[in-house]
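Structure record follows, encoded as structure tokens.
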Amino acid sequence: MGYPEFHYKWEWRLRSSPERLWPFVADTNRFNHDTGLPSVRHAEGAVQENARQNLRFSKLGVHVEWEEEPFEWVRPYLFGVHRRYNAGPVASTRVLVELEPLPSGGTRLVYHTWIRPKNLLGVTIVPLLMRFSYRRAFDTAFRRYDELAMMADHALEQPAGVHFVPGGRARLDALRRGLLERTEEPELVARLVETVEKGDDFVMARLRPYALADAWSMPRRKVLELCLRATRAGLFDLRWDLLCPLCRGVKESGSTLEEMKQRVHCEVCNIDFAANFDRSVELTFRTNSTLRRVEERTFCVGGPQLTPHIVAQQLLAPGDERSVTLPLEAGRYRLRTLGLPGGQFLVAEPERAEEGTLTAARDGWSGDELRVSLGPTLHFENATDAEQLFVLERMAWSDQASTAAEVTALQVFRDLFSSELLRPGERISVGSLTVLFTDLRDSTRFYREIGDAPAFGRVMDHFAVLREAIAEEDGALVKTIGDAVMAVFRRPAPAFRAILEAQQRLAAPSDGASPFYLKAGMHHGPCIAVTMNDRLDYFGSVVNMAARLERLSSGEDIVLSDAVRQDPEVAALLSAAENQLILEPFEAQLKGFDEAQFHLWRVRRSPRA
């Protein structure tokens, strides 16, 4: 026999806007934990068509299994999910959460749930749980989220429930004193220690330093470097997360780069992808187990905040149509489905079209790039003969990720974690880097004139000057080769400033010693990371060209590739009158590059500088 469906509708009026509430309310993994639901596990045949997932949990001796449809949402106004149960007292549930902005400010939050019992046990326990347990738990959670959304600093989302191991608090206090002695950032150290003391397991299992810095309104690089130093001291463990390029979920994690797989499969997106340091490998931190226990359990596998770059997700039957109105940030977006290759791009800009139609057709997607306003109504059309999960996503990656490409190009990381290597033979793209090569001019004559021992000391001093100038610009010294140096930077401008500073200091030493003249060459472009001679190194044509450019330098100039010269930041430095720089174009052939002529630039200081 069939049983009637229960429908519950609860409302709250909250002070925060939908935009501020969304990261909390739509974090269904945290919400399920906060409202007392048990952790979930995947059942057999975990992921099916269009990201349906088979899941299960146990509570009070009752085993529950279900098939979960993909969540649907329109950020930041509504989300919902439909579940069909294979085992347990319930046949199906549907949830819909709506966030409506109020004219006077704040949000009207409406929570709907429809529950169809499977048997008499379900008929009995559903009303009891919903009225006397979940209603109260939901109220507590939503009001807590409203408080957090109103706070400027909500890095500590749950101040209770922290479990230190025996002696953990004493160790934490000792580590705090040690960090204070090693750094000049007492406020940051205090904030970081407080996070370890009060941050809940969701925060401490995957601490993201840039997100923490943004919550604290502090410089990102300072927070990242403090986390690295705290890891070396024993406060955290490093964790490298490999992210899917489509859903951007964590697919593999390891404590070292050596554990990182080069190719991984994402079951949800049904794709294989290669590790890429520039985007898909992120460094996060986890509290060390000698301080406190951190349980990493999953309470929901498909909520909107698991993929915050996806602004709308809708499941459409064959031939179905649906319209959504949503706020968009300016930038580029892509609409794709899990069942069709490719996708259609659109750009959100002020004062563009207020409506647009996006059609998934049997023969693929339109090649036209749609241009819409920042608050458009988009019409999704499924013109195929199969169900399609429509996914509208921002193309820009989150800038809160401390990527492997960025971290491994920092001097402080190389100083503290020189043992971080890839597996022998592994080659991983790190995206685009600026590569700088330097070498001392006439170093052989210098050794002959003053003797090996004194000359060696001066050369070591020159390395110290270079190292300091490179580190000040957030670069990293990769290796020394005789008197030569190879360094990497994320952008050309910091590399250019670093070598200008080093050349100036070496050419006019403060101790009155003989000047050193430093030959330098720079190039920018894609590189590959490898492990060579027990160090993380880089290779590729960009590295080779930078090495060749250094040989064209006289020691009183810098040779730039056209890629560096055309960088907007570098162009601004070159044109700034206070820098007093002279720029001279020239062409040259480079050994190993098929005798091609390259358009290059020589930069030197004005004689008046």
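Each value in this text was obtained by applying a stated rule to the coordinates, not by laboratory testing. It should be emphasised that the depicted structure is a prediction, and the values quoted were computed from it without experimental measurement. Quick reminder, even Gly has a Cβ in these numbers, built from the backbone with ideal geometry, and neighbours come from all protein chains shown.
Could you give me the percent of Cα pairs per 10 Å distance bin for the range 305-394, shortest bin first, beginning at zero and ending with the bin that holds the maximum distance? Histogram of Cα-Cα distances, whole percents per bin: 18, 54, 26, 2. Over the range 418-605, calculate the relative contact order: mean separation of alpha carbon pairs under 8 Å at least 6 apart, over the residue count, as a percent. Across the range 418-605, relative contact order equals 24 percent. When the charge dipole of the range 163-297 is built from unit charges on Cβ atoms (+1 for Lys and Arg, -1 for Asp and Glu) and taken about the Cα centre, the candidate among Ala215, Leu172, Phe273 whose Cα reaches farthest toward its positive end is Leu172. Given the alternatives [x] 68; [y] 58; [z] 78, percent of Cα pairs over 32 Å apart as computed for this entry is given by [y]. For Ala469, what is the net charge nearby, where nearby means another residue's Cβ is under 10 Å from its Cβ and Lys, Arg count +1, Asp, Glu -1? In short, -1. With R₀ fixed at 45 Å, the C-beta to C-beta distance from Arg371 to Arg604 puts the FRET efficiency at about 0.50.
Give, as a single signed number, the net charge of other residues whose beta carbon lies under 14 Å from the beta carbon of Leu228, with Lys and Arg counted +1 and Asp and Glu -1.
Values: positive: Arg182, Arg208, Arg220, Arg221, Lys222, Arg229, Arg232, Arg239, Arg286, Arg414; negative: Glu185, Glu225, Asp237, Glu406, Asp415, Glu420, Asp474.
Once all neighbours under 14 Å are counted, the net charge is +3.
Counting every other Cβ atom within 10 Å of each residue's Cβ, Val203, Val459 order from fewest to most as Val459, Val203. Among Thr438, Thr384, Thr325, Thr408, the order by Cβ neighbours within 10 angstrom, fewest to most, reads Thr325, Thr384, Thr408, Thr438.
When every alpha-carbon pair in the range 548-609 is counted, what percent end up more than 15 Å apart?
Values: 987 of 1891 pairs.
In whole percent, the long-distance tail amounts to 52.
For the range 322-371, the alpha-carbon radius of gyration amounts to 1.17 times the rule-of-thumb value 2.2 N^0.38 Å expected for a compact globular protein. Separation of the alpha carbons by more than 25 angstrom is noted, of Lys222/Lys261; Lys261/Lys591; Lys251/Lys479; Lys59/Lys198; Lys9/Lys118; Lys59/Lys251, for Lys222/Lys261; Lys261/Lys591; Lys251/Lys479; Lys59/Lys198; Lys59/Lys251.
Taking the Cβ of Gly342 as the centre, find all other residues whose Cβ is under 14 Å away and add up their charges (Lys, Arg: +1; Asp, Glu: -1). Could you put the intermediate results ahead of the total?
Working: positive: Arg334, Arg336, Arg362; negative: Asp363, Asp368, Glu369, Glu393.
Net of charged neighbours comes to -1.
DSSP finds beta bridges in the chain, and of those with both partners inside it, around 90 percent are antiparallel. Name the residue farthest towards the positive end of the dipole of the range 6-150 from the options Tyr134, Tyr145, Ala43, assuming +1 on Cβ of Lys and Arg, -1 on Cβ of Asp and Glu, about the Cα centre. Value: Tyr134.
Note on the chain: with charges restricted to the Cβ of Lys and Arg (+1) and Asp and Glu (-1), its dipole about the Cα centre is near 1460 debye.
May I ask you to derive the FRET efficiency for Glu194 and Ile481 from their Cβ-Cβ distance with R0 = 45 Å, giving the value to the nearest 0.05?
Details: r = 45 Å, r/R0 = 1.00.
So the FRET efficiency works out to roughly 0.50.
Counting every pair of alpha carbons in the range 6-150, the share spaced more than 18 Å apart comes to 59 percent. Note on Glu468/Arg334: beta-carbon distance plugged into 1/(1 + (r/R0)^6) with R0 of 51 Å gives a FRET efficiency of 0.70. Note: relative contact order over the range 305-394, using C-alpha pairs below 8 Å and six or more positions apart, is 44 percent. Computed from label points 7 Å out along Cα-Cβ, the spacing between Ala386 and Leu416 is 4.7 nm.
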